[in-house]
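The structure appears right after this line, and notes come after that.
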Amino acid sequence: MVRWEPNARGRLEEAALELYLERGYEQTTVAEIAARAGLTERTFFRHFADKREVLFGGAAALEDLLVAAVAGAPETASPMEAVVSALVTAGAALQERGPAARRRHAVITAHPELRERELIKLATLAEAVAGALRRRGVADPGAHLCAEAGIAVFKMAFEQWVAGGGVAFAGLVRDLLGDLRTVTAG
């Protein structure tokens, strides 16, 4: 086994996805993931706390991206416009990872424990976006409502995007936001 090769984290993520899809999440061990990646279990645990976290390792980067996009929105942007800008930015990043994001989603939707972890991730993202809105001067409950609505739109857009149809993520976000405006207008 080679002691060092570049991109150990990426190789572990790819190996885990392959094994989860081939054998199932529950049937896959950390040792098997490490072996498939050509690494040791010790290296695995340098990068991830457990085999579940292989699927959620990008959550912090997504959170940072969303928060930075909300903070970077023009001062004249409404709170929801700032959130939509962040969702579109995040969607562009997801589109670059299209096949991997779709495979990850397939693994997560097949396992209740992973779906629960995904919901925790989404709640954490909503709180981070609400915090970014508060730093822009948006008071609660408005900041929280806007962030929660934005993350709900993000979740639905992601599910539609993963299902296919060829619509760009940004278009799905905008369509769903229009639907949200329609149902809340009356």
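FYI, it's all coordinate maths here, none of it is from the lab. Predicted model, so just to flag it, every value in this text is computed and none were measured. FYI the Cβ positions are ideal-geometry reconstructions off the backbone, even for glycines, and counts take in every protein chain you see.
Would you compute, for the Cα atoms of the stretch 58-185, the largest minus smallest coordinate along each principal axis and list the three values in descending order, in whole Å?
That works out to 39, 27, 27 Å along the principal axes.
Just to confirm the filter: which chymotrypsin sites (Phe, Trp or Tyr not before Pro) across the stretch 1-96 are DSSP coil and have at most 14 other Cβ within 10 angstrom of their Cβ? Each step should come with its number before you reach the end.
Details: sites: 4, 20, 25, 44, 45, 48, 56; in loops: 4, 25, 48, 56.
When the chymotrypsin sites (Phe, Trp or Tyr not before Pro) of the stretch 1-96 are filtered for loop state and at most 14 Cβ neighbours within 10 Å, 4 remain.
Among all stretches of the chain without exposed GluC sites (Glu not before Pro) (DSSP loop, at most 15 other Cβ atoms within 10 Å), which one is longest?
Working: sites that count: 26, 75.
Between exposed loop sites, the widest span is 76-186.
May I ask for the angle, rounded to the nearest 10°, between helix 169-185 and the longest principal axis of the chain, with both axes built from Cα atoms and the value confined to 0 to 90°?
40 degrees
To test your reading of the geometry: what angle, between 0 and 90 degrees and rounded to tens, separates the Cα axis of helix 142-163 from the longest principal axis of the chain?
Here the helix axis deviates by roughly 50 degrees.
Can you pull out the trypsin sites (Lys or Arg not before Pro) in the stretch 23-125 that DSSP calls coil and that have at most 15 other Cβ atoms within 10 Å?
Values: sites: 23, 36, 42, 46, 51, 52, 97, 102, 103, 104, 115, 117, 121; in loops: 97.
Loop-located and lightly packed - 97.
Post the alpha-carbon centroid distance, the stretch 102-181 to the stretch 27-93, in whole angstrom.
Using only Cα atoms to place each centre, the spacing works out to 13 Å.
Of the options 82, 123, 49, report the single residue whose Cα projects farthest towards the positive end of the charge dipole of the stretch 47-130 (beta-carbon charges: Lys, Arg +1; Asp, Glu -1).
49
About the Cα centre of the chain, how large is the charge dipole given +1 on each Lys and Arg Cβ and -1 on each Asp and Glu Cβ? Please answer in debye to the nearest 20.
Numbers: 22 positive and 24 negative charges, 58 e Å.
Dipole magnitude for the chain comes out near 280 debye.
Fewest Cβ neighbours within 10 Å first, please rank 85, 78 accordingly. Please list the in-between numbers first.
On the way: 85 18, 78 11.
Placing the least packed residue first, the sequence is 78, 85.
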